[in-house]
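Novice: This is the structure I want to talk about, given as structure tokens.
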Amino acid sequence: MPLGLIMAKIFVDNIEYEVPDGKNLLEVCLSLGFNLTYFCWHPAMHSVGACRQCGVVNFKDENDKRGRLVMACMQAATNGIRISIEDPRAHAFRAGNIEALMLNHPHDCPVCDEGGECHLQDMTLMSGHNYRRNTFKKRTHYNQYLGPFINHEMNRCIQCYRCVRFYNDYAGGKDFAVFAAHDDVYFGRQEEGALENEFSGNLVEVCPTGVFTDKVLRKHYTRKWDLTSAPSVCHQCSLGCNILASERYGGIRRILTRYNGDVNGYFICDRGRFGYEYANSDKRIKQALKKSGNTLQHLSKDSALQEIKDFIFSGKNIIGIGSPRASLESNFMLKELVGENNFYGGIPKQESALISQAISILHQGKVKTPSLKEVESYDAVLILGEDITNTAPMLALAVRQAAKNKPREKAYALKIPHWDDAAVREIVQGEIGPVYLLTTHHTKLDEISTKSQYTTPDDIARAGFSIAQQINHSLPTVDTADDAMQAFVAAVARDLLNAKRPLVISGTSLFSSSVIQAAANIAYALKDSGKDAGLVYAVPEVNSTGMSMMASKDLDDAIARANEGGIDALIITENDLYYRIEKNKADDFLKNCGHVLVLENLQNETTAKADYVLPAGTFAESTGTVVNNEGRAQRFYQVYKPSNDICSSWEWLNEFRNSVSDTYAENFDAVVDEMVKRYPDLQKVKFAAPDANFRKGTQKIPRETARYSGRTAMLANINVSEPKPPVDKDSPLSFTMEGYQGIPPSADIPFFWSPGWNSVQSINRYQTEVGGSLHGGNPGVRLLEPSEENKSGYFDKIPERFTKKEGEWWIIPFYHIYGSDELSVKGPALAERIPSAYISMNEKDLNKNNLREGDKVTISFSGDKINVPVKEENTLPDGVAGLPKGFEGLTGVQFPFWGKITKV
Amino acid sequence: MLSNIRSMWLVFLRMFHKRVTVQYPEKKNYLPPRWRGRIVLTRDPDHSERCVACYLCAAACPVDCISLQATEDEKGRRYPEFFRINFSRCIFCGLCEDACPTYAIQLVPDFEMAEYNRQNLVYEKQDLLIDGQGKYHGYNFYKVAGVAVGVKEKGGGDNEDKPVDIKKLIP
Amino acid sequence: MNPIWAHILTLVLVLLVMVTIAAGLIYVERRMLAVWQDRLGPNRVGPFGLLQVMADMIKIFFKEDWIPKFADKRVFVLAPMIVMISILMTFAVIPFTPLISVVNLNIGLLFFLAMSSLGAYSIVLAGWASNNKYSLLGAIRGSAQMLSYEVFMGLSLMGVVVMAGSFNLHDIVMAQNKVWYFIPQIVGFVVFFIAGIAETHRLPFDIPEAESELVAGYHSEYSGMKFGMFFVGEYLGITLISALIVTLYFGGWRGPHFLPPVIWFLIKMFVFILIFILMRASLPRPRYDQLMSYGWKILLPLSLLNLLITGACVLYFK
Ligand code: SF4
Ligand code: SF4
Ligand code: SF4
Ligand code: SF4
Ligand code: FES
């Protein structure tokens, strides 16, 4: 993308400005802080010039008094250009244009969920159009059912085409389109049904009107101005997309994208957007619980602290189990409390080893792991074994953008600016750049792949090693399965070498260290051939990387230690052992550990077995730092103070540490200080966000908007005297609406708003330039940078070819964006989209066993049995079966494994 | 000095003027219909709740004494799940009535709301909702809005055409 | 009757009557203010609202008598007592009738001046003890005002003394058998009247309490019965000044014989009390500096002049 560093001088209303060359006028005007109306232009999808709303008058030179009307979004901001935004003709044009767009607009604002954050409202006001003159009848449309996430109200459409451009062109959706013609155009699906694309939720933010609104929010609708919001980080996968989490009346109401120019940009996936409902679940643990008989009984906070101190901490040998979904601080506090030797990471050895390996490759190796946003800038991609659409959805969206880079060069060669989207697409004609997929079975990204090959995990690794060898001939040769694969390997090696910036993506999802090593080898080989190569590993959970950087031992070590006996008590922080390991293993472990204390947010099998349970906060009620797959440490903030005893795990643990060893961390920053002192690798975590003493002038940053309503009535049913608002000693944010009203530091943006810009389009005001970084730099700090001298070196442990076993299947995990995540599945909206459990195998294997799709089978493996129906998946290799990961009844299954499959 | 004495004299003369005090509660003053007193929630001509839970009154209220939560019936018609006004905070400015796009919230000529216990000044929806249409008769928001929500057929509003058949080919 | 008993009886009687009148004035003032402002005033409790005072009294007795933590406790308690005592003491020298008076002091007038100077202490101490900036400001204003006006008050009275040739109030009343002193001493009367208002810090000279600036001035922190004492003290002050005016300038108990002397005295006194109230109803409060310059620049020369002329006349006509 030719982003100009050269500056251009432009004149807006006769005042001179210096702007970066190569942008369009609309972008630069918005960055300069002008109020210029627009609809069809979107900072991520650029210009098509469809809505005619951004009209300005363009003058030839200073003597030209007439000028001509141009669309700012279609005009390059070239040196010396003169325009007027304030010219009365431009004003009249924009107001008239809105009036025309609104001819059929319904009188819906009061019942429209967009109201109060509606770009159309903002633009109407900005344009000056205020009185409806049209008295004809309004055109109406039927609406469609679009699934549990998105509500459709077609009457409100102003035909800006942003939705199709996002859904189809940007996110690669196939089940959405524009229908009919002239003033009847209709944006929707061919037939009613859930929108299939994993990024459909972004329509809520992309559509400038209330056609597409958040259906989950609708269940407990609250206006934007009434939400208490905090900057947060999505906890639903390892990418760590930035989100804004919002609360009202003690419940999380919605998640919006928090723009981060280095991570997720303007979008997030639907799992992140709609998968928060577990935080409001009635399964939440809200008070301390104590086991009495077979039930759990409520305890007050103080008596819980006292009893647990006496009961648990009177023991000598106490061990702690951390968690990849708990923050760095919570893991650290647990470690401090039980001691270095007694702290165990909360994942099995196999997974732990994979993550550690990925970390060491990114840290010791010589290839840089790009940020999520940077992924979009690579021009050739190879994905090794990972179904990223389902394990790291936003990575898939980034790859879809990367796939467009190579073909677009043709357009740039013709001097078409990158922002002229319609023209660029005209040249590209749907062509996609080199994207190669080497996976176990058909995945959704096959839609954009140049070529996909399917084989077993071991053979994926072998093919990977082979590709590396083809790039760097000094590596040992590896033979591949067949000619097709051979040809594939050659093609991949060629295209990666032809690219300027090749990218290799892999991950831990196949539980194969060979795949991870093979990916590293390819990236190293590319680097050695002088390429600006990148390497991305997807890891399982939000803080898998962070926890692994801290834990030297894992769950299996803990189990081994427990088997030796002598453990008095066990503390588990935000971890359901039954989700991690098989039931009988977990049962035995808990039995061997004496007393059990669990800090958890939702009731689960582990809490049912605990002697004491403490209510731990989810992302909504706690503050912490998490490290994503890129090694980026990011802070998430408590959204609201709950009225119950829920608080961050580290706060509970801090209390215990105080009563046991009399050391007490005053607040969150004190915990971070201790942590970075202990772990020099985490040094930079301190700078992930401003500390609690940060003030703008003397002011904190308010979590509530300036127009927050109902303060004197919200709690009046409980007591007519309003309580003192809670104080946040852990962050620079306040829980009230009082505080600094300008643009806060980039890591502490609780909501996007700017005068005149109530919708998310106000993000423009928070950026140094449109689509660029936030003022003061994008938030988050990278902890893993490659080493100069490549300490890691090439890997040479090439796995054997996969060999089938008669009568048994090599059962590998299949991932689902909705279903393969521990917590998001607990929310009702997301749960509607979870497919029912199944086992997949190819037609040949089915026939061999006299099975037909839908037949129920029993899978038996090391002492366990599962019943599921079979499904045909012809791309799966012979002798390999796919079982969904993390589904109800399938949690705790350790992949991959040999299993027998018999018909019920 | 003299002017002081003069004003004392003039004030002294007020003694023989008519009293302005009205002996409430024996005598009650006439209150015009647009008097800003107790707040009520009114109903549509079709007798369902007028309030569409748009939160505009709450946003307009300068003392933030209105709080409500929107919810929907099975047809998608929105109404407040709860609607609370803390009259111990209300300044009877009437901004909520101004803001209301549906004529749901209205201030009526009644001010006799005193309570011994301040808590009793917190009115919930059942205390606010009246049976009639209040000051503004005949207005039904859903007849002029675009959403159907069981009040009308889609496109059956006062100012609407029937929904477009998007499959027709006529240009 | 045993003269001692008679004395004690007069004493108790005067005390009771004065305090009752002062309390009753609360009602009278509210009612009269209302009458002059086209309102009705208290009219709900008892006939014509007469029991309003009772209700207020009961209320004030049962109010929490709160002493702020930051206050100087002993002085805080002492201050309101000083008001009451200093004013009530002065009543001792007032001759209500030839027969009814507590003591017949030779230096009656000086005693009054002495006592009213003591009254300034109550304000200073109250403001000081409250440990509150508004109270202190009020106290400073109060003491300055009272000290200044004390001067002209004393000087204005000298005319009367010169004419009557005595400090004894009895004698002064007796000396007015020909003409009430307000005719020859009209200037002295006016000065004394104005200084009297300032001494009692009544409106329009209620600068030490100026609600609009100082919350309630020196007694901001007072509540319950202590506040009640300041409150009643103020009305006692009005009564006292009115009684003195009557005694010094309006012939005391003198009047046509169809009414007994005490009634004449009371009637005259009430007329002045009503004038006090009328002033409150009609006049705005001057600025503090206006008050001071008015006192020093106008009243002082005026009263000196009055004394000079009176002296000259007395000498001349002797
Ligand atoms: S889309 Fe915007 S303008 Fe249209 S009804 Fe909704 S809030 Fe109002
Ligand atoms: S549905 Fe929304 S995004 Fe799509 S064309 Fe209409 S207004 Fe634009
Ligand atoms: S009248 Fe004014 S103060 Fe009272 S509820 Fe309405 S907007 Fe609020
Ligand atoms: S403004 Fe009217 S319709 Fe909207 S919430 Fe208030 S009462 Fe209901
Ligand atoms: S924004 Fe420029 S034409 Fe739509």
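Novice: Out of A:F176, A:F149, which single residue is touching a Cys at 6+ places or on another chain (Cβ under 9 Å) and not assigned by TED's automatic domain parsing to the domain that holds A:N35? Talk me through it step by step, then tell me what you get.
Specialist: Details: A:F149 fails: touching a Cys at 6+ places or on another chain (Cβ under 9 Å).
Sole residue among the options that is touching a Cys at 6+ places or on another chain (Cβ under 9 Å) and not assigned by TED's automatic domain parsing to the domain that holds A:N35: A:F176.
Novice: Counting just the residues of the range B:71-106 that are within 8 Å of ligand 3 (Cβ to nearest atom) and part of a strand (DSSP E or B), which one comes out nearest to the chain's Cα centre (by Cα)?
Specialist: B:I105
Novice: Within the set of pairs 6 or more residues apart or between chains, which connect a residue that is at positive phi inside the range A:158-185 to a residue that is within 16 Å of ligand 1 (Cβ to nearest atom) and in a helix (DSSP H, G or I) with Cβ atoms less than 8 Å apart?
Specialist: A:Q159/A:L101
Novice: Please note which helices (runs of 4 or more DSSP H) are completely contained in the range A:564-625 and include at least 1 residues that are without any contact (Cβ under 8 Å) to a residue 60 or more places away in the chain and in the same structural domain as A:L305 (by TED's automatic domain parsing). Don't jump to the end; show me each part of the working.
Specialist: Numbers: elements: A:577-580, A:583-592, A:605-609.
Output list reads A:583-592, A:605-609.
Novice: I'd like to check something: does the range A:524-539 contain any residue that is touching a residue at least 60 places away in the same chain (Cβ under 8 Å), in contact with a helix residue (DSSP H, G or I) (Cβ under 6 Å, 6 or more places away or on another chain) and assigned to a loop (DSSP other than H, G, I, E, B)?
Specialist: So far as the range A:524-539 goes, yes, one or more of its residues are touching a residue at least 60 places away in the same chain (Cβ under 8 Å), in contact with a helix residue (DSSP H, G or I) (Cβ under 6 Å, 6 or more places away or on another chain) and assigned to a loop (DSSP other than H, G, I, E, B).
Novice: In the range A:172-191, how many residues are within 13 Å of chain B (Cβ to nearest Cβ), of a type in the set (D, E) and under 20 Å from A:K215 (Cα atoms)?
Specialist: 1
Novice: Can we say A:L120 is away from chain B (no Cβ under 14 Å) and more than 16 Å from ligand 4 (Cβ to nearest atom)?
Specialist: No: the conditions fail for A:L120.
Novice: Considering only the range C:17-63, state which residues are at positive phi and in a helix (DSSP H, G or I).
Specialist: C:F48, C:G49, listed by residue number.
Each row is one residue, and each column tells you yes or no for (1) in a helix (DSSP H, G or I); (2) modelled with pLDDT under 80; (3) not hydroxyl-bearing (S, T, Y).
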{"residue": "C:L157", "(1), (2), (3)": "yes, no, yes"}
{"residue": "C:V161", "(1), (2), (3)": "yes, no, yes"}
{"residue": "C:I172", "(1), (2), (3)": "yes, no, yes"}
{"residue": "C:S212", "(1), (2), (3)": "yes, yes, no"}
{"residue": "C:M229", "(1), (2), (3)": "yes, no, yes"}
{"residue": "C:E234", "(1), (2), (3)": "yes, no, yes"}
{"residue": "C:L240", "(1), (2), (3)": "yes, no, yes"}
{"residue": "C:L244", "(1), (2), (3)": "yes, no, yes"}
{"residue": "C:T247", "(1), (2), (3)": "yes, no, no"}
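Novice: Further question: One residue is enough: does the range B:62-70 have a residue meeting the conditions charged (D, E, K, R), at the interface with chain A (Cβ under 9 Å from one of its Cβ atoms) and within 16 Å of ligand 1 (Cβ to nearest atom)?
Specialist: The answer is no; no qualifying residue exists.
Novice: Of all residues being buried (at least 20 other Cβ atoms within 10 Å of the Cβ) and either away from chain B (no Cβ under 14 Å) or assigned to a helix (DSSP H, G or I) (or both) in the range A:84-108, which is nearest to ligand 3 (Cβ to nearest atom)? Just the residue, please.
Specialist: The qualifying residue nearest to ligand 3 (Cβ to nearest atom) is A:I98.
Novice: Restricting to strands (runs of 3 or more DSSP E) lying wholly in the range A:138-214: which have 2 or more residues that are more than 16 Å from ligand 4 (Cβ to nearest atom) and surrounded by fewer than 22 Cβ atoms within 10 Å (Cβ to Cβ)?
Specialist: A:138-140, A:177-179
Novice: Look at the range B:1-33 and say how many of its residues are assigned to a loop (DSSP other than H, G, I, E, B) and surrounded by 12 or more Cβ atoms within 10 Å (Cβ to Cβ).
Specialist: Looking only at that region, the number is 3.
Novice: Please find, within the range B:34-61, the residue that is surrounded by the most Cβ atoms within 10 Å (Cβ to Cβ) out of those that are facing chain A (nearest Cβ under 7 Å) and of a type in the set (G, A, S).
Specialist: If we take residues in the range B:34-61 being facing chain A (nearest Cβ under 7 Å) and of a type in the set (G, A, S), then B:A58 is surrounded by the most Cβ atoms within 10 Å (Cβ to Cβ).
Novice: In a loop (DSSP other than H, G, I, E, B), basic (K, R) and either in contact (Cβ under 8 Å) with a residue 12 or more places away in the chain or within 14 Å of chain B (Cβ to nearest Cβ) (or both) - does that describe any residue in the range A:747-768?
Specialist: no
Novice: Could you please let me know if A:H107 is more than 13 Å from ligand 5 (Cβ to nearest atom) and in contact with a helix residue (DSSP H, G or I) (Cβ under 7 Å, 6 or more places away or on another chain)?
Specialist: Criteria met by A:H107.
Novice: Moving on to the next point. Which condition does A:C73 not pass, out of (1) surrounded by 19 or more Cβ atoms within 10 Å (Cβ to Cβ); (2) without any contact (Cβ under 8 Å) to a residue 24 or more places away in the chain; (3) more than 24 Å from A:E153 (Cα to Cα); (4) not aliphatic (A, V, I, L, M), if it passes all the others?
Specialist: Here A:C73 clears every test but (2).
Novice: Next question, about the same structure. What number of residues in the range A:696-739 are touching a Pro at 6+ places or on another chain (Cβ under 7 Å), part of a loop (DSSP other than H, G, I, E, B) and touching a residue at least 24 places away in the same chain (Cβ under 8 Å)?
Specialist: The total comes to 8.
Novice: Return a yes/no flag: does the range C:176-188 have any residue that is among the hydroxyl-bearing types (S, T, Y) and within 10 Å of C:Y249 (Cβ to Cβ).
Specialist: Scanning the range C:176-188 turns up at least one residue that is among the hydroxyl-bearing types (S, T, Y) and within 10 Å of C:Y249 (Cβ to Cβ).
Novice: Here is a follow-up. All but one of (1) more than 30 Å from A:A688 (Cβ to Cβ); (2) touching a residue at least 40 places away in the same chain (Cβ under 8 Å) hold for A:S303; which doesn't?
Specialist: Failing condition for A:S303: (2).
Novice: Scan the range B:107-123 residue by residue and report those that are part of a loop (DSSP other than H, G, I, E, B) and within 14 Å of ligand 3 (Cβ to nearest atom).
Specialist: B:V108, B:P109, B:D110, B:F111, B:M113
Novice: Related question: For the range A:879-904, which positions are at pLDDT 90 or above, within 19 Å of A:N850 (Cβ to Cβ) and outside any strand (DSSP E or B)?
Specialist: A:G879
The values are calculated or read from the model by the stated rules, or taken from the named source; none is laboratory data. Values in this document were obtained by computation on a predicted structure and should not be read as measured data. As a convention, Cβ positions derive from the backbone with ideal geometry for all residues, glycine included, and neighbour counts pool all protein chains shown.
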